Every structure is written in structure tokens, then in C-alpha cells.
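Worksheet for the structure shown next.
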Amino acid sequence: MPIPAAPTPRRKLDEETEKLQTRLCRLVGQAIADYRLIEDGDKVMVCLSGGKDSYGLLDILLVLQSRAPIHFDLIAVNLDQKQPGFPADVLPDYLTSRGVRFHIESRDTYSIVKRLIPEGQTTCSLCSRLRRGHLYRIAGELGATKIALGHHRDDIVETLFLNLFYTGKLKAMPPKLRSKDGRHLVIRPLVLVKEADLARYAEARGFPIIPCDLCGAQEDLKRKKVKAFLQQWERESPGCSDSIAAALTNVAPSLLMDPRLFDFTSLTAEAGHQPEGDAWLDQEPVPHQNEAVESLSTTLLHHP
């Protein structure tokens with residue numbers, strides 16, 4: 001594993017970029033506090049693909065690391081999947097210039113995918129599964145306690161609608177997930193961050209972006225359609241994306257139809273106030289954080 005060199009001095013942010021960075025830090029800090037994504041003593045493995053989202057994730061975590069009242073370590077990990085034309089020097093050069101510890105793992109999953117998936121079909125699903133397996137293994141070898149992925153709010157909402165439209169399931173991507181074998185915790189610190197803000201931040205910071213289509217695979221057409229649908233909906237009804245995202249944190253199982261989440265069979269008519277009744281629809285959601293979480297969030301956001 002490369003030993004980080006002294007970081008190259010970074011140029012001072014202009015006013016607009018500093019405001020954007022502050023907003024991103026606030027949102028990521030809020031997610032960390034709300035879902036306890038990072039705790040004292042954690043070793044966080046940041047999965048870095050070379051795209052705008054993972055660059056933004058690493059950059060914001062580095063800022064928060066310098067301000068947080070707790071200690072946690074960061075290590076950037078990239079899985080070089082041997083895609084044709086992948087610029088192998090870009091990420092090591094960038095991470096060295098930032099003084100970030102990193103590990104580059106080379107595994108030829110590209111050839112496996114090309115061998116198993118017929119020409120013209122989307123390879124992203126198999127590629128993702130192979131990549132996940134390697135990342136779990138690497139996390140174990142590095143002693144990482146958390147695996148941080150760069151999925152943002154748009155990814156979460158798009159996944160919600162993909163499942164609604166194509167799988168008949170009401171699910172998306174959680175901010176925190178335990179692997180099936182129970183050995184790893186995956187976190188998504190960008191769950192509250194919009195993709196547009198990450199794109200602006202990446203451009204302002206001049207991250208050396210690596211294209212995500214080097215493998216030549218077709219884009220996931222279903223996800224592309226859902227993204228276009230949501231963008232059109234936002235144009236016609238501004239703010240609806242915010243409402244959809246908020247709905248993911250404001251679920252009422254008794255007003256859905258899943259008997260695994262609510263015992264409809266035992267529900268009987270009774271006098272008196274019933275909290276699961278129709279009145280729930282008229283209630284305003286009340287934000288709640290315990291004192292410890294609120295203290296951590298405040299310190300992360302406002303510490304100089």
C-alpha cells in the first residue's frame with residue numbers, strides 16, 4: 001500500500017465553490033449523524049471509480065475528517081477491472097497529490113463479463129456483482145470497518161422507481177447496509193446530496209474524471225428511462241423530487257398493504273384514538289434527533 005506523500009497545497013476556493021462545499025458538508029454531515037454512518041475509530045474504505053460522485057465523496061469526507069470531534073481513518077480503493085483504455089496513472093497521481101492513503105487492486109473482470117454476456121446486452125449488473133465481491137474481500141484484507149459508496153440522492157430515487165416499475169417491490173438503496181454474510185457495513189454518505197450539486201462541485205474542483213463507458217457497454221436503458229421520466233416530472237412540477245426523497249424517510253406501514261410490516265388481521269374497531277388511523281395523514285412530521293446525534297451533526301457542520 002502506497003505511503004501518502006505530503007499533500008500538494010490546494011488553491012483557495014472561490015466564494016461560490018466554498019458555498020457549495022459548505023452545503024455538501026452539511027448534507028453529508030447530516031446523513032452521518034442521522035444514520036450513524038461513521039463512528040469514532042472507524043477505518044472507512046472509500047470506493048473510488050474516477051467518476052464525479054466518488055471524487056466528491058472522498059473530497060467531502062476529507063473535509064469532515066479534519067473538522068470532526070471523532071477520529072476516523074480514510075483509505076481510497078480503486079478496482080482496476082482492466083477495461084480497455086483505462087488510464088491507470090490518473091487515480092494514483094491524484095491521490096498522491098492529495099496525501100491520501102490508497103490501494104489499487106487489479107482484477108480482469110472485464111474479460112469475464114465479455115465472455116459471459118452476449119454482445120449488445122447490458123453488462124452492468126454482472127460487472128457490479130463481480131466488483132462487489134472483490135471490494136468486500138479487499139475491505140477484509142485492509143481491516144476496514146465501513147465501505148463507503150458514492151450513490152447520491154438521485155440514484156436512490158431512481159432505484160425506488162426502477163423497483164416500482166419493473167420488480168413490484170417498494171425498495172431503494174439504504175444509507176447503511178450489512179452484507180449478507182454479516183461481515184461488512186456499506187454506507188452511502190451522499191444519500192441527501194443531489195447529482196447536479198456533485199456535477200457542479202466536480203467541475204469547480206477540477207477532478208480528473210475517468211469516463212464510465214470505457215467497457216463499451218450499453219447504458220442501462222431502464223434506468224435511463226426512469227431518469228428521463230423523473231427529470232420531466234421535475235420540470236412540470238418543480239420540487240417533486242424533494243418530496244419523493246422526503247417520502248423515503250416518512251413511511252407509514254399501516255397505510256400500505258404489506259402484512260409483514262403491519263398486522264392487518266388483528267386490527268379491530270375500538271373506541272378512542274388510534275395512531276395508525278386516517279388522522280396520521282393530517283399530522284406534520286416532527287424531526288427528531290437525540291442529543292448525542294444532534295451534537296455530532298452540529299460540530300461536523302460548523303467546526304472551523
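The values are calculated or read from the model by the stated rules, or taken from the named source; none is laboratory data. Everything numeric here is computed off the predicted structure, so don't read it as measured data. Neighbour counts run over all protein chains shown; Cβ positions are idealised from the backbone, glycine included. For accessibility, only protein heavy atoms count, side chains too; no ligands or nucleic acids. Shrake-Rupley method; radii C 1.70, N 1.55, O 1.52, S 1.80 Å.
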Checklist outcome for this item: Requiring at least 1 residues that are touching a Lys or Arg at 6+ places or on another chain (Cβ under 8 Å), open to solvent by 20 Å² or more (accessible area, probe 1.4 Å) and modelled with pLDDT of 95 or more, the strands (runs of 3 or more DSSP E) wholly within the range 1-106 are 43-47, 73-80
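Residue by residue, here is whether (1) under 17 Å from LEU48 (Cα atoms); (2) surrounded by fewer than 20 Cβ atoms within 10 Å (Cβ to Cβ); (3) touching a Gly at 6+ places or on another chain (Cβ under 9 Å) holds:
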site: GLY143; (1), (2), (3): no, yes, no
site: ALA148; (1), (2), (3): yes, no, no
site: HIS152; (1), (2), (3): yes, no, yes
site: GLU158; (1), (2), (3): no, no, no
site: LYS169; (1), (2), (3): no, yes, no
site: PRO175; (1), (2), (3): no, no, no
site: ASP181; (1), (2), (3): no, yes, no
site: VAL186; (1), (2), (3): yes, no, no
site: ARG205; (1), (2), (3): yes, yes, yes
Next on the checklist: Condition first: within 27 Å of VAL46 (Cα to Cα), touching a helix residue (DSSP H, G or I) at 6+ places or on another chain (Cβ under 6 Å) and either open to solvent by 80 Å² or more (accessible area, probe 1.4 Å) or not β-branched (Val, Ile, Thr) (or both). Can you find one or more residues in the range 227-236 that meet it?
Outcome noted: yes
Checklist entry - Does the range 107-151 hold any residues that are modelled with pLDDT under 95, part of a loop (DSSP other than H, G, I, E, B) and not acidic (Asp, Glu), and which are they? => result ARG107, ILE117, PRO118, GLY120, GLN121, THR122, THR123
Checklist entry - Of the conditions (1) within 9 Å of the chain's Cα centre (by Cα); (2) more than 24 Å from ASP42 (Cα to Cα), HIS151 fails just one. Which one is it? => result (2)
Next on the checklist: Suppose we filter ALA196, ALA245 for residues that are among the hydrophobic types (A, V, I, L, M, F, W, C), outside any loop (DSSP other than H, G, I, E, B), loosely packed, with under 15 Cβ neighbours inside 10 Å and at pLDDT 95 or above; which single one remains?
Outcome noted: ALA196
